[in-house]
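The values are calculated or read from the model by the stated rules, or taken from the named source; none is laboratory data. Values in this document were obtained by computation on a predicted structure and should not be read as measured data. Note: ideal-geometry Cβ built from the backbone for every residue, glycine included; neighbour counts use all protein chains shown. When the accessible area is computed, the model is the full protein with side chains, heavy atoms only, and any ligands, DNA or RNA have been set aside. Shrake-Rupley method; radii C 1.70, N 1.55, O 1.52, S 1.80 Å.
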Amino acid sequence: MNSKEYIEEAERDLLHAYNRYQIVLDRGEGVFLYDTEGKKYLDFVAGIAVFALGYGNREYNDALKSQIDKLIHTSNYYYNVPAIEAARKLKQASRMDRVFFTNSGAEAVEGAIKAARKYAYKKDGRRDHEIIAMNRSFHGRTMGALSVTGNPKYREPFEPMIGHIKFAELNDFESVERQVTDRTCGIILEPVQGEGGLRPAREDFLRRLRKLCDERDILLIFDEIQCGMGRTGTMYAWQRYDVKPDIMTTAKALGCGVPVGAFLMTEKIAVNSLEAGDHGTTYGGNPLVAAAVEKVLDLFEKHHIIEHVGEAAPYLEKELDELAARYDCILERRGMGLMQGLVFDRPVKDIIDKALEKGLILINAGTNIIRFVPPLIVTNHNIDEMISILDDCIRS
Ligand SMILES: *Cc1c(COP(=O)(O)O)cnc(C)c1O
């Protein structure tokens, strides 16, 4: 079949839940993808901030292959060695104390919400605890995660949401403080908002939230699903601010392509929230995905991925700033590390379509923002190539 026939069949069989770009991706190599027609693309999306190590990493692929031959799944009624080793390494990387593996980001958020509610329930037995979330946040598409997602367009068709969620403004401490009551059990936010527009939280905002949470015994929950795993220049974004959450979620680059996420917590929360029987998952942390997590964390160290981000990110920022300065239609660059956005005064769909034609994969964040979340192994040369294609696309 040629790609046109594949696409026609896909549109007959798959639920039309996405407006997909009209290419069929076939294989990858480093920061490049190839479609079924053999056309090569420079990839600045990485499967939405997932494939940090680049495609076709030999050591990663071999680790998965050998785990497939050994054991893929056990259920969580039994222990398995890859999950134990992945948990140890993830604890070290995250500086948190306890790990629960999930199958996705949204499920990690679900777990975080349950843990926060259970912590408060164990304290006072009430069943009306509240969570404060941020406007323009994104936490996933399942009902709990959607309930704390600050985008009414995503929520409305599926209401009623889970109850007792309140929204405040990122970087406006008073707006959060106004929503706090004696029933508030958690405050959830992304240290750097992703889908909502590449907005970093300010350090003083996070510090004041931490203080508020300490004073009122409210749990501070950071969703690091997109901004975590080295993308902003530290393993997790909060480590740059040095404002530690009580509960943290991670996914996307955690398994570099296998479906895995996790929520983590400090020991204090772990012993005072979810207990045996409170939460579970059939697949979560199975030997296959755990082997991937373990290998990803190994390779981050071995190939000095964080240090590399520290060098590549300032170059990307500088190049994007220079591009922004050349065009009146670009209002602003914002983001952190290798998680950047260019804000335009108009919809960016045409530019992204044109870039795809020219062999560059980009993605939007909302209608007016182009998002840059390349594999973390991206080089200055790749950045130059991306800028040159993008420049052409904007100009025409
Ligand atoms: C992608 C994302 C999610 C949802 O993860 P899924 O794996 O798609 O369920 C949640 N939070 C943030 C910040 C994300 O970027």
- Query: With respect to LEU316, is the statement that it is touching a Phe, Trp or Tyr at 6+ places or on another chain (Cβ under 9 Å) and free of Cβ contacts under 8 Å to residues at least 24 places away in the same chain true?
  - Reply: no
- Message: Looking at the range 94-103 only, could you name the residues that are away from the ligand (no atom under 12 Å from the Cβ) and either open to solvent by 40 Å² or more (accessible area, probe 1.4 Å) or of a type outside the set (Gly, Ala, Ser) (or both)?
- Response: ARG95, MET96, ASP97, ARG98, VAL99, PHE100, PHE101
- Hey, does the range 72-88 have a residue that's within 16 Å of the ligand (Cβ to nearest atom), buried (at least 19 other Cβ atoms within 10 Å of the Cβ), assigned to a loop (DSSP other than H, G, I, E, B) and not aliphatic (A, V, I, L, M)? no
- Message: I want to confirm something. Restricting to the range 144-174 and keeping residues that are within 12 Å of the ligand (Cβ to nearest atom) and either among the aliphatic types (A, V, I, L, M) or over 23 Å from GLN226 (Cα atoms) (or both), which single residue is surrounded by the fewest Cβ atoms within 10 Å (Cβ to Cβ)?
- Response: LEU146
- Query: Looking at (1) farther than 21 Å from GLY28 by Cα; (2) open to solvent by 10 Å² or more (accessible area, probe 1.4 Å), can you tell me which one ASP384 breaks?
  - Reply: (1)
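Of all the residues that make up the range 228-247, how many are within 12 Å of the chain's Cα centre (by Cα) and under 13 Å from LYS91 (Cα atoms)?
Matching residues across the range 228-247 total 2.
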- Hits in the range 225-261 - residues which are out of contact with any Phe, Trp or Tyr (no Cβ under 8 Å at 6 or more places or on another chain) and part of a helix (DSSP H, G or I): GLN239, ARG240, TYR241, LYS252, LEU254
- Can you name the residue in the range 262-314 that is part of a helix (DSSP H, G or I) and among the acidic types (Asp, Glu) and, of all such residues, is least open to solvent (accessible area, probe 1.4 Å)? GLU294
- Message: Please go through the range 185-224 and give me each residue that is open to solvent by less than 20 Å² (accessible area, probe 1.4 Å), more than 15 Å from the ligand (Cβ to nearest atom) and either in a loop (DSSP other than H, G, I, E, B) or among the basic types (Lys, Arg) (or both), ordered by number.
- Response: ILE218
- Query: Could you say which residue among ARG127, ARG136 is open to solvent by 40 Å² or more (accessible area, probe 1.4 Å) and either within 15 Å of the ligand (Cβ to nearest atom) or touching a residue at least 12 places away in the same chain (Cβ under 8 Å) (or both)?
  - Reply: ARG136
- Test for ALA106: is it more than 16 Å from the ligand (Cβ to nearest atom) and at pLDDT 95 or above: no
- Task: Among the candidates ASP97, ASP128, single out the residue that is more than 29 Å from GLY230 (Cα to Cα) and either in contact with a helix residue (DSSP H, G or I) (Cβ under 7 Å, 6 or more places away or on another chain) or among the acidic types (Asp, Glu) (or both).
- Result: ASP128
- For VAL348, all conditions in the list (1) open to solvent by less than 20 Å² (accessible area, probe 1.4 Å); (2) within 23 Å of GLU195 (Cα to Cα); (3) touching a residue at least 24 places away in the same chain (Cβ under 8 Å) hold save one; what is the number of the exception? (3)
- Query: Quick check: is even one residue across the range 356-372 in a helix (DSSP H, G or I) and on the phi < 0 side of the Ramachandran plot?
  - Reply: yes
- Is it the case that the range 263-271 has a residue that's under 14 Å from the mean Cα position of the chain (by Cα) and within 16 Å of the ligand (Cβ to nearest atom)? yes
- Within the range 36-55, the residues that are in a loop (DSSP other than H, G, I, E, B), out of contact with any Leu (no Cβ under 6 Å at 6 or more places or on another chain) and among the aromatic types (Phe, Trp, Tyr) are PHE51
- Item | Matching residues, the range 2-14, being open to solvent by 60 Å² or more (accessible area, probe 1.4 Å) and either touching a residue at least 12 places away in the same chain (Cβ under 8 Å) or within 16 Å of the ligand (Cβ to nearest atom) (or both) | ASN2, TYR6
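Open to solvent by 40 Å² or more (accessible area, probe 1.4 Å), closer than 25 Å to THR232 by Cβ and away from the ligand (no atom under 16 Å from the Cβ): which single residue out of GLU59, GLU37, GLU29 fits that description? Before the answer, list the steps.
Values: GLU37 fails: closer than 25 Å to THR232 by Cβ; GLU29 fails: closer than 25 Å to THR232 by Cβ.
When all the criteria are applied, what remains is GLU59.
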- Are any residues in the range 56-69 outside any helix (DSSP H, G or I) and touching a helix residue (DSSP H, G or I) at 6+ places or on another chain (Cβ under 9 Å), and if so, which ones? ASN57
